[in-house]
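Note sheet for the following structure.
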Amino acid sequence: MTRSQSADATLVHARIHPRALDHMPLFFDATVPTVFVELIQNARRAGADRVDIITERADCGPSQDTANVAVWDNGRGIADPAVLLSFGESDWAGDLSRRERAAGMGLACLARRGCTVTSRAKAPSSRPATGWRMMLEPDHFLGKTAAIAVPHKMAPEPCGTCVAFHAAESLDALRAAASAAARFAPLSVSFNGAELVRSNFLGGALHREDWNGVTFGVIRSRQPLYNEPDLNFHGLTLNVRLPHVQSLDGETWTVRADVADCPELELVLPARKEAVENAFLEKLRDEARLAIYRALATIDPPPRFAYKDHARAANAGIHLPVPPAQLRPWQPGTADVDNWTLDSRLMSVGPGSLVVEYDADPPDTQTFHRAAGRAKLAPMLFEPDRRLAGFSWYDRLLRVTDVNAHIDIDGVTYTQQALHRKFREAPNGDGTFHPGDRAERIVMTVDIARPDGTRYSRRYLADIVFLDTEYGVLDDSCPVIAAGSDILAQDLAQLLCRAYFCPSDDFDADSYETQSNHFDDAALHLALKHVASADEATRTAIAQAVWREIHWLMPSDRDIDIAVRGDRIDVALGPAAQSDRDVPSRLDAS
């Protein structure tokens, strides 16, 4: 800075404008849970080992539910009442103020309500100090009116503080708030003479370890809930988003942190309901994750973990065992996604095993799965699990990347798409082939990728494909069956259901069961058209309708003959059986 610049310069210092006091009530949410937490925290800092909360019905107030609440502690008391309205100043010892960054604003949680503070400071001699009392209204907190502290003989003895205020909350709400504030507090708390239950914040932890004034506790099989507290600051709990680790089998390990003496941990003042995002907090999260890994390294049998967890642990010198070379068997997708469940079995993989990364709609995957079963390939097919990518045994596996079907008809080879176009353009057939006819041969070409990125193909005979793979509409399925196929009508109907049934959830749709039953009937009817005669398909459709709609009306011990001629229906009941008879099954009815 030059001399001329220095002469024109203006020195500016930070200051607090008096109008800042107008915002005092906004520093806290002023709810009873916050008030109890702040007063218990103040009592703890004052060296108290117990807090007593006492309520009584107020003689006057906005409603009959208004109560007087008094919070007593046996701490060292407050020597100078002026500190209560000197925001940013506190009576805490210098070391405690440094460790916890005491803001000196805890009583501001009562700025909206007003309160009466009675206190007696701990005297250096055996003779008690003089107690005092001060009534604080909202205007006192706003700096509009001076508060008056007067001597008071009924101040706590030999020392301590009492904060009293009016509350419009119900007794149950006050008790619940006190119980929540006391749950993890490091001192005893009572409510109207009854001791409140306190819990260990790290209770149930299978592993504990200390780090920088914080104790980590690793807890097993707990799904982390949104905003669930994971850090305990001397009874004040908050969520700082500590990590959790999930095994490949779905078990979850979470970690909690219990603060003992950690000056580097910064919480947003004055309410301390969230942590300051800084380098130390990130380090805390990293160390919490390592605590989980150290806990998991001691479990027998060891859980199965993703490669990223294995690598993170290894980088920190923590050995997690490599999961065994096992995967779940591959399952084709179903159109009804809510009715698809993953096979939980783990099967060993080895040379020749194939990870199916082929992604297609259910009609294609269902027919490929059937072809794989006929070719004895199905036991070699496994579900991908990309969480295992990085482990050498997983990276060495072959991958199925695509499957394409080719259909031979009258010496011509068609793709599914080409044959579907042929049928769509000539829905009644062109005189040479109809959907109900048999194809000469169906071949599925399976594209396979090696670990080094090179590719090759294998070919397998199939006995059925669906030309229209846009699942959801059964009438458009268009099955094509190969000559010599032994597929039964029931098998084809089940295949159609898995490939195409997708229930509607529209508000005016029938129930799931009704939709499923109707689809089953239609699928079996369509299947019979392809593998049975027209008369057999008609008989089966009628039998299904009878079974579903009126069979429940029929007595189980009598034969019933139904004759239909045009619009006339005759029903004949046979004599009652003399002994129990088996009820016909649905299969018998068809």
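The values are calculated or read from the model by the stated rules, or taken from the named source; none is laboratory data. Here the structure is a predicted model, which is why all the values come from computation and not from measurement. Because the Cβ atoms are built from the backbone with ideal geometry, glycine has one as well, and the counts that use them run over all protein chains shown. Side chains are part of the model used for accessible areas, which takes the heavy atoms of the whole protein and leaves out ligands, DNA and RNA. Shrake-Rupley method; radii C 1.70, N 1.55, O 1.52, S 1.80 Å.
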State all residues of the stretch 451-496 that are aromatic (F, W, Y) and either part of a loop (DSSP other than H, G, I, E, B) or over 22 Å from V337 (Cβ atoms) (or both); if no residue qualifies, say none. Y456, Y460, Y471
Can you find even one residue in the stretch 394-410 that is at pLDDT 95 or above and among the small types (G, A, S)? yes
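One line per residue, one yes/no per condition, for (1) over 30 Å from Q246 (Cα atoms); (2) in contact with a Lys or Arg (Cβ under 9 Å, 6 or more places away or on another chain):
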residue: Q366; (1), (2): yes, yes
residue: P379; (1), (2): no, no
residue: D385; (1), (2): no, yes
residue: S392; (1), (2): no, no
residue: R396; (1), (2): no, no
residue: I407; (1), (2): yes, yes
Could you tell me whether any residue of the stretch 164-184 is in a loop (DSSP other than H, G, I, E, B), open to solvent by less than 40 Å² (accessible area, probe 1.4 Å) and modelled with pLDDT of 95 or more? yes
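Checking the condition assigned to a helix (DSSP H, G or I), of a type in the set (A, V, I, L, M) and open to solvent by less than 20 Å² (accessible area, probe 1.4 Å), which residue from L290, L248, L284, L265 passes? Spell out the reasoning first.
Working: L290 fails: open to solvent by less than 20 Å² (accessible area, probe 1.4 Å); L248 fails: assigned to a helix (DSSP H, G or I); L265 fails: assigned to a helix (DSSP H, G or I).
Step by step, each of L290, L248, L284, L265 is checked, and only L284 is assigned to a helix (DSSP H, G or I), of a type in the set (A, V, I, L, M) and open to solvent by less than 20 Å² (accessible area, probe 1.4 Å).
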Considering every residue within the stretch 212-227, establish whether at least one is part of a loop (DSSP other than H, G, I, E, B), closer than 30 Å to D172 by Cα and either among the charged types (D, E, K, R) or at pLDDT 95 or above (or both). yes
In this structure, does R113 turn out to be open to solvent by 20 Å² or more (accessible area, probe 1.4 Å), within 22 Å of F165 (Cα to Cα), touching a Lys or Arg at 6+ places or on another chain (Cβ under 6 Å) and modelled with pLDDT of 80 or more? no
Looking at the stretch 466-489, is at least one residue closer than 24 Å to Q331 by Cβ, open to solvent by 60 Å² or more (accessible area, probe 1.4 Å) and among the β-branched types (V, I, T)? yes
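Condition check ((1) hydroxyl-bearing (S, T, Y); (2) under 39 Å from the mean Cα position of the chain (by Cα); (3) more than 25 Å from T237 (Cα to Cα)) across all residues:
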{"site": "H23", "(1), (2), (3)": "no, yes, yes"}
{"site": "F36", "(1), (2), (3)": "no, yes, no"}
{"site": "R44", "(1), (2), (3)": "no, yes, no"}
{"site": "G47", "(1), (2), (3)": "no, no, no"}
{"site": "R50", "(1), (2), (3)": "no, yes, no"}
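Could you look through the stretch 505-520, keep only residues that are of a type in the set (G, A, S) and at pLDDT 85 or above, and pick out the one that is farthest from Q331 (Cα to Cα)?
S511
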Only one of A537, A523, A527, A545 is open to solvent by less than 40 Å² (accessible area, probe 1.4 Å), at pLDDT below 80 and in a helix (DSSP H, G or I), namely A537
Taking only the stretch 300-313 into account, find how many residues are surrounded by 13 or more Cβ atoms within 10 Å (Cβ to Cβ) and free of Cβ contacts under 8 Å to residues at least 24 places away in the same chain. 3
Starting from the stretch 483-502, take each residue that is within 12 Å of R370 (Cα to Cα) and list its partners that are charged (D, E, K, R) and outside any loop (DSSP other than H, G, I, E, B), counting only C-beta distances under 7 angstrom and pairs at least six apart or across chains. L495/R370
Flagged in the stretch 260-298 as free of Cβ contacts under 8 Å to residues at least 40 places away in the same chain and among the aliphatic types (A, V, I, L, M), in numbering order, are V268, V276, A279, L290, A297
Please give the number of the condition D139 fails out of (1) surrounded by 16 or more Cβ atoms within 10 Å (Cβ to Cβ); (2) not aliphatic (A, V, I, L, M); (3) not in a loop (DSSP other than H, G, I, E, B). (1)
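Here are S516, S511: which of them is in contact (Cβ under 8 Å) with a residue 12 or more places away in the chain and of a type in the set (S, T, Y)?
Unique residue meeting the criteria: S516.
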Output for the stretch 268-280, where each listed residue is assigned to a loop (DSSP other than H, G, I, E, B) and out of contact with any Asp or Glu (no Cβ under 8 Å at 6 or more places or on another chain): L269, P270, R272, K273, E274, E277
Could you go through the stretch 112-133 and let me know if any residue there is within 25 Å of E195 (Cα to Cα), in a helix (DSSP H, G or I) and touching a Cys at 6+ places or on another chain (Cβ under 9 Å). no
Considering only residues that are part of a loop (DSSP other than H, G, I, E, B) and in contact with a Leu (Cβ under 9 Å, 6 or more places away or on another chain), look in the stretch 69-88 and name the one that is surrounded by the fewest Cβ atoms within 10 Å (Cβ to Cβ). F87
